[in-house]
Amino acid sequence: MDRPKLSFFRMSKLSGDFIFKGVVGLFALGIIVLAFLLFREPFIESQLSRNAFGFGFLTGSTWDPVNEVFGALPFIFGTLVSSFLALLIAVPFSLGIAIFLSELAPEKLRTPLSFIIELLAAVPSVIIGLWGIFILAPFLRDYLAPPLSTYLGFLPLFQGPMYGLSMLTGSVILAIMVIPITSSVSREVIMTVPTQQREAALALGATGWETTRIAVLPYARSGIFGAVILGFGRAVGETMAVTMVIGNSSHISASLFSPSDTMASVIANQFLETAGSKLYISSLIEVGFLLLVVSVIINIGARILVWKFLKVERGAA
Amino acid sequence: MPEKITIENLNAWFETKQALHDINLSIQENMITAIIGPSGCGKSTFIRCLNRMHEVVPKAKISGKVLVDGKNIYESDVDPVDIRRRIGMVFQKANPFPTMSISDNVVAGLKLSGVKDKKILDNIAEESLKKAALWDEVKNDLNKSGVSLSGGQQQRLCIARALAVEPEIILFDEPCSALDPISTSKIEDLMLELKEKYTIVIVTHNMQQAARVSDYTAFFLYGKLIEFGETNQIFKKPMEKSTEDYIVGRFG
Amino acid sequence: MKWNKRKLIDRIMSFLTAACVVIAIIPLLSILYTVTLNGISAINIDFLTQLPKPVGEAGGGLGNAIQGTFIVVGIACLIGLPVGILSGVYLSEYGENKFGRMVSFVADVLTGTPSIVAGIFGYTFIVLYFGFSAIAGGVAISVLMIPIVARTTEESLKLVPGSLREASLALGIPRWKTILHIVLSTAMSGIITGALLAIARVSGETAPLLLTAFGNPFWAVGIDKPISTLPAQIFTYAISPFPDWHTKAWGGALILIILILILNIGVRLITRRKYRV
């Protein structure tokens with residue numbers, strides 16, 4: 001039988017490996033280039049605004065498109081307050097969910113329940129916003145705000161009339177959107193806690209909850225902290241849903257019942273209404289650049305925390 | 001008797017850990033050479049140096065010479081791809097390609113080297129499966145997935161796959177360690193048939209297997225070659241104390 | 001007595017944590033319920049095939065927005081899938097070095113890019129030079145897609161056992177052919193899953209499109225022209241003061257959710273036929 005000769009591709013074989021590695025390597029380099037451009041383009045286009053306001057942009061509390069005076073403080077304030085409040089609501093829930101789904105729930109329920117919780121993350125932000133406008137905001141206005149102002153009305157936080165679209169509604173929406181990521185990462189972290197840790201506690205006669213409290217949570221602390229920061233990053237960068245329910249006002253107000261704006265929402269809301277004012281657009285782009293820097297820093301911090309934790313745990317296992 | 005492979009001053013490392021120390025050994029053509037020794041003694045590393053598979057592991061290094069038909073396979077003008085065509089390998093765990101049918105598995109090496117003619121491929125598939133003593137069991141299921149076979153059949157499929165590229169030498173890296181006794185004896189019979197045409201090197205931790213199939217045996221310990229000779233001599237009258245200790249089962 | 005108290009606390013904590021799960025599920029159920037309830041009344045053949053009508057005129061639909069979403073997401077896939085998948089191949093097969101680890105880290109951090117920033121990127125990178133267009137929208141969306149696809153591809157390739165790579169290399173198959181024909185085909189279902197999930201994820205993106213695709217009340221005329229998309233149209237309708245448009249927003253939301261559900265179910269079907277190794 002005629003056997004085909006096999007080794008006549010000699011040169012092309014060597015270069016085949018070289019070319020292939022080069023091509024996929026170039027695409028990998030593309031990701032670095034993309035990250036670079038993601039910073040460079042907004043930085044260049046915000047030149048005008050940086051020249052006009054300098055560092056005052058960060059501390060200026062006036063955002064006046066008519067007179068072209070732009071200070072981003074109201075939005076930095078709005079982002080910080082809404083994200084912080086969102087975490088305040090979301091963290092206890094996320095922890096409860098993570099603990100229940102990894103430690104206390106019946107084996108059979110764990111996978112389907114976590115799937116359902118994570119499904120919430122698949123719902124587009126604009127649809128959550130739509131629901132927020134027509135369902136959540138009226139609900140909070142009618143059922144949550146009255147008792148808050150009756151019993152806690154002495155605090156500046158809960159004074160004044162409650163508009164449906166407000167800082168409070170924005171924060172609750174953010175909390176809802178933060179829960180899937182914070183709870184699923186916390187759960188992942190908790191599940192890597194070595195079984196011996198649990199068994200040691202169980203062998204002492206500890207109940208399921210005691211085991212969680214004594215053996216699991218202290219062990220997983222730094223990883224859970226990373227999960228919380230990751231949720232913070234999500235809240236800071238979230239755009240559409242917040243834009244739709246936060247009420248859009250460039251004034252700083254102590255009351256959570258007042259409308260507000262975040263860095264993301266002011267861009268989404270005003271970007272197409274600049275009427276060609278170069279300084280206005282440049283200022284919005286600078287807000288976007290700041291948002292990018294802040295969320296990248298948060299993300300790097302969170303990933304380092306979670307990674308370190310998972311690496312140590314998996315390495316040890 | 002002609003020497004097929006000559007190993008001169010072979011050292012091998014994983015990162016900084018040295019796995020082989022100054023190995024010198026000759027492997028005879030059309031013979032079965034067995035490499036025995038306790039786990040971690042470097043026998044798998046050694047066999048993987050013979051077809052340049054050691055360098056696939058990240059940060060693995062090597063020094064010394066491996067001459068095949070007098071030509072050093074580690075010279076800079078040698079393409080490892082050519083070497084691996086001439087020197088086939090069968091692994092400890094059967095590893096058929098899960099996305100390919102039985103016949104595609106057998107001719108995978110040829111197909112990916114540019115052989116397209118379906119008739120030639122079919123012929124080679126049949127011929128190789130026959131050589132691997134698997135043809136009669138699978139001839140009606142050639143389009144089934146390779147992973148649908150039993151463990152022993154999968155291992156013979158891997159042998160057929162190695163044979164299809166027409167190598168001169170076949171390396172067996174503990175080919176039976178995951179198999180039942182019946183499958184094992186089939187593969188041993190097969191090796192005895194194959195040595196008519198091929199030079200065979202087998203790594204095994206099973207001393208009975210080495211005694212049954214091999215003509216020559218090399219005993220490795222802690223990355224060093226302790227003793228090498230005809231299988232009869234090694235098993236009946238070992239020269240070294242540690243070889244004897246290992247063979248009578250004092251450690252390992 | 002003490003034992004009973006401990007047992008009681010255990011029960012209470014189990015109950016409380018379970019309550020967290022239930023409460024967290026309520027918004028999801030409420031969203032699905034209201035979208036279905038309000039959306040179903042808006043949907044009919046006209047709604048799916050007609051152009052939008054001006055305020056005050058009854059009827060009309062989101063036909064062009066649905067078309068536009070397919071076009072923009074299609075463009076994003078044309079850019080995002082090759083870049084994501086091929087860089088994932090690099091990360092998994094050649095990435096055990098400083099550069100590889102750096103790319104991997106950058107991709108991970110990029111998955112946290114705020115979507116509005118992707119919009120600003122599309123605006124500064126494309127719109128400023130070529131105007132609002134479907135292409136600008138696709139580019140902005142692909143920015144969000146690339147890191148997800150790269151990481152999921154990397155993960156699925158890493159699941160392919162090393163023994164298969166060795167088997168192929170030992171047959172004298174060059175490394176690049178081993179990767180293309182053995183490794184990629186074995187990991188294919190995982191890669192497709194990752195790609196579909198990424199598509200599902202970006203199909204609902206709105207913020208980047210506001211700054212890049214702009215919107216257009218007519219059928220698409222070219223990928224270099226402004227284009228209407230489903231999410232952006234939902235946004236416009238939702239924040240308008242007109243009840244008729246609110247109904248249309250719900251209708252659009254229902255369509256969008258169905259599209260995304262189909263993708264998610266598709267993923268489930270694919271992963272069910274998982275290869276055995």
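Quick look at the values:
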| item | result |
| --- | --- |
| Three-way shape call for chain A based on the alpha-carbon gyration tensor, with the a/c threshold at 1.5 | oblate |
| Nearest-20 debye value, chain B charge dipole, Cβ charges on Lys, Arg, Asp, Glu | 460 debye |
| The range C:164-238 - charge dipole about Cα centre, Lys and Arg +1 at Cβ, Asp and Glu -1, debye rounded to 20 | 220 debye |
| 5 angstrom amide H check on B:VAL90, placed H, neighbours 5+ away | B:LEU171, B:PHE172, B:ASP173 |
| For the range C:148-161, Karplus couplings with θ = phi - 60° (6.51, -1.76, 1.60), whole Hz, Gly/Pro x | 5, 5, 4, 5, 5, 4, 4, 4, 5, 5, 5, 6, 5, x |
| Global geometry of the protein assembly as shown, whether rounded, prolate or oblate, following the gyration tensor of its Cα atoms and the 1.5 cut on a/c | prolate |
| Euclidean distance of C-alpha centroids, the range C:76-150 and the range B:2-22, integer Å | 46 Å |
| Using alpha-carbon coordinates, inclination of helix B:181-194 to the longest axis of chain B, degrees | 90 degrees |
| Residue order, fewest to most surrounding Cβ atoms within 10 angstrom, among A:TYR151, B:TYR198 | A:TYR151, B:TYR198 |
| Extension gain (nm, one decimal) between A:TYR143 and A:LEU58, 0.36 nm per residue minus Cα-Cα | 27.0 nm |
| Förster radius 22 Å - calculated FRET efficiency between A:SER15 and C:PHE105, Cβ distance, rounded to 0.05 | 0.10 |
| Leading residue at positive end of dipole, the range B:46-118 (Cβ point charges), from B:ASN95, B:VAL56, B:VAL81 | B:ASN95 |
| Cut-off 12 Å, label 7 Å out along Cα→Cβ of A:ILE116, residues of the range C:19-63 by amide N | C:19-30 |
| Hydrodynamic radius of the range A:19-75 per Kirkwood, over alpha carbon pairs, in Å | 13.9 Å |
| Cα gyration tensor shape for the range C:1-101, rounded if a/c is under 1.5, else prolate or oblate | oblate |
| Relative contact order (percent, whole number), chain B, Cα cutoff 8 Å, 6+ residue spacing | 28 percent |
| Relative contact order computed over chain C (Cα-Cα under 8 Å; 6+ residues apart), in percent | 25 percent |
| For C:198-210, mean number of other protein chain Cβ atoms within 10 Å | 4 |
| Under-5 Å amide H pairs with B:LYS4, H placed in peptide plane, nonlocal only | B:ILE27, B:GLN28, B:GLU29 |
| B:ALA60 long-range amide H proximity, modeled H, under 5 Å | B:GLU15 |
| Rounded to the nearest 20 debye, dipole of the range C:64-272 from Cβ charges on Lys, Arg, Asp, Glu | 300 debye |
| Sites matching trypsin sites (Lys or Arg not before Pro) across the range B:160-239 that sit in DSSP coil, with at most 14 neighbouring C-beta atoms within 10 Å | B:LYS197 |
| Sequence of C:GLU155, A:GLU238 once ranked by neighbouring C-beta atoms within 10 Å, starting from the fewest | C:GLU155, A:GLU238 |
| Average beta-carbon neighbours from other chains, 10 Å sphere, peptide A:291-298 | 4 |
| Average partner coverage of C:84-96, which counts Cβ from other chains inside 10 Å | 5 |
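Throughout, read-outs are computed from the coordinates displayed, never taken from laboratory work. Since this is a predicted model, take the numbers as computed values, not measurements. When we count neighbours, we look across all protein chains shown, and the Cβ atoms used for this are built from the backbone with ideal geometry, even at glycine.
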